[in-house]
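Peer 1: Here's a structure for you.
The values are calculated or read from the model by the stated rules, or taken from the named source; none is laboratory data. Here the structure is a predicted model, which means the values were calculated and not measured. Virtual Cβ from ideal backbone geometry, glycine too; neighbours counted across all protein chains shown.
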Amino acid sequence: MYIAIEGIDTAGKSTQIELLQKEFKNVLFIKEPGFTEFGKKIREIIFNDEISKKTELFLFLADRSETIEKVVKPNLDKNIISDRSVISGIAYAMEYFDFDLLVNLNKFATDSIFPNFVIILKLNKNTLEYRMSGKNHDNIEKRGLRYLLNIQDNIITTCNRLEIPYILIDASKPIDEIYFRIKKAISEYIK
Ligand SMILES: Nc1ncnc2c1ncn2[C@@H]1O[C@H](COP(=O)(O)OP(=O)(O)O)[C@@H](O)[C@H]1O
Ligand SMILES: Cc1cn([C@H]2C[C@H](O)[C@@H](COP(=O)(O)OP(=O)(O)O)O2)c(=O)[nH]c1=O
């Protein structure tokens, strides 16, 4: 089972995954971007170089392709939980490029290996504003709150259009309340 934890920046993905890693010892936890050694180099370029949106897209595709080829494919018999996935890949890029083109590029990059189930941590504007005020902003976060809230809508749209099952969790709730809901949801998939 390949499950993705999705949400915009500061939604609480890393926080929840740290808790999940303590409890689900037999699950393979991965992330995008930058899980493989190659992906770490790609991530540095994306966040530090001034590149075009198209180049950024191909770099994320290269990171995703390498993770799928070297990590996901060899472990499809296991349970995998990923911090972000192709869903983020399409949701962030569809602000600039055609949705169907992005789906086809990602199908090629991943041999059509997409998550089976997605958990979306959904932030309201005020909570996003508060959490973003507490951190430095990378190249992508500098595009602002409106952009990130659009991405959040895109994440939901992408799951719907790809017909990938998902649940929405209010990311402004207390950490343990969110964790309880995530645990309940994935326990139906991960025995
Ligand atoms: N449910 C929550 N309630 C309050 N603060 C939270 C919650 N979840 C995460 N945070 C805080 O919000 C910030 C972003 O969380 P993080 O897990 O890094 O988000 P992401 O990985 O989605 O970018 C961190 O400072 C974290 O401590
Ligand atoms: C995986 C992926 C992430 N992104 C963006 C989302 C984030 O702003 C950034 C990932 O940086 P990261 O530090 O992993 O942030 P977060 O903790 O919010 O996941 O890259 C894309 O634009 N396209 C993609 O395909």
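Peer 1: Answer yes or no: is there a residue in the stretch 153-166 that is within 21 Å of Gln21 (Cα to Cα) and buried (at least 16 other Cβ atoms within 10 Å of the Cβ).
Peer 2: So far as the stretch 153-166 goes, yes, one or more of its residues are within 21 Å of Gln21 (Cα to Cα) and buried (at least 16 other Cβ atoms within 10 Å of the Cβ).
Peer 1: Oh, and also: Within the stretch 5-57, which residues are of a type in the set (Lys, Arg) and within 16 Å of ligand 1 (Cβ to nearest atom)?
Peer 2: Selection gives Lys13, Lys22, Lys31, Arg43.
A quick yes/no check of all residues on (1) surrounded by 21 or more Cβ atoms within 10 Å (Cβ to Cβ); (2) over 16 Å from Glu141 (Cα atoms); (3) modelled with pLDDT under 95:
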position: Ile5; (1), (2), (3): yes, yes, no
position: Ile8; (1), (2), (3): yes, no, no
position: Glu18; (1), (2), (3): no, yes, no
position: Gln21; (1), (2), (3): no, yes, no
position: Leu28; (1), (2), (3): no, yes, no
position: Lys40; (1), (2), (3): no, yes, no
position: Glu44; (1), (2), (3): no, no, no
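Peer 1: Next up: Hey, can you tell me all the residues within the stretch 120-131 that are under 21 Å from Pro165 (Cα atoms), not in a loop (DSSP other than H, G, I, E, B) and not charged (D, E, K, R)?
Peer 2: Ile120, Leu121 - these are the residues of the stretch 120-131 that are under 21 Å from Pro165 (Cα atoms), not in a loop (DSSP other than H, G, I, E, B) and not charged (D, E, K, R).
Peer 1: While we're on this one: Out of all the residues in the stretch 112-124, is one or more within 12 Å of ligand 2 (Cβ to nearest atom), among the hydroxyl-bearing types (Ser, Thr, Tyr), at pLDDT 95 or above and closer than 22 Å to Ser65 by Cβ?
Peer 2: There is no residue in the stretch 112-124 that is within 12 Å of ligand 2 (Cβ to nearest atom), among the hydroxyl-bearing types (Ser, Thr, Tyr), at pLDDT 95 or above and closer than 22 Å to Ser65 by Cβ.
Peer 1: Among the small types (Gly, Ala, Ser), surrounded by fewer than 21 Cβ atoms within 10 Å (Cβ to Cβ) and touching a residue at least 24 places away in the same chain (Cβ under 8 Å) - does that describe any residue in the stretch 103-117?
Peer 2: There is no residue in the stretch 103-117 that is among the small types (Gly, Ala, Ser), surrounded by fewer than 21 Cβ atoms within 10 Å (Cβ to Cβ) and touching a residue at least 24 places away in the same chain (Cβ under 8 Å).
Peer 1: Additional query: Among the residues of the stretch 132-185, what is the count of those that are away from ligand 2 (no atom under 14 Å from the Cβ), more than 16 Å from the chain's Cα centre (by Cα) and assigned to a helix (DSSP H, G or I)?
Peer 2: Going through the stretch 132-185 one residue at a time, the tally reaches 13.
Peer 1: Any residue in the stretch 171-189 that is aromatic (Phe, Trp, Tyr) sitting within a Cβ distance under 9 Å of a residue that is more than 9 Å from ligand 1 (Cβ to nearest atom)? List the pairs, counting only those 6 or more apart or interchain.
Peer 2: If the second residue must be more than 9 Å from ligand 1 (Cβ to nearest atom), the pairs left are Tyr179/Leu19; Tyr179/Leu20; Tyr179/Glu23; Tyr189/Met1; Tyr189/Ile3; Tyr189/Asn79; Tyr189/Asn116; Tyr189/Phe117.
Peer 1: Kindly state which strands (runs of 3 or more DSSP E) lie completely within the stretch 1-119 and contain at least 3 residues that are touching a Pro at 6+ places or on another chain (Cβ under 7 Å).
Peer 2: Passing ranges, in order: 2-6.
Peer 1: Moving to a separate point now. Test Gly144 against the stated conditions and say whether it is at pLDDT below 95, away from ligand 1 (no atom under 15 Å from the Cβ) and either more than 29 Å from Thr36 (Cβ to Cβ) or touching a Cys at 6+ places or on another chain (Cβ under 6 Å) (or both).
Peer 2: Yes: the conditions hold for Gly144.
Peer 1: Also: Go through (1) touching an Asp or Glu at 6+ places or on another chain (Cβ under 8 Å); (2) closer than 21 Å to Ile17 by Cα for Asn116 and report which single condition fails.
Peer 2: Answer for Asn116: the failing condition is (1).
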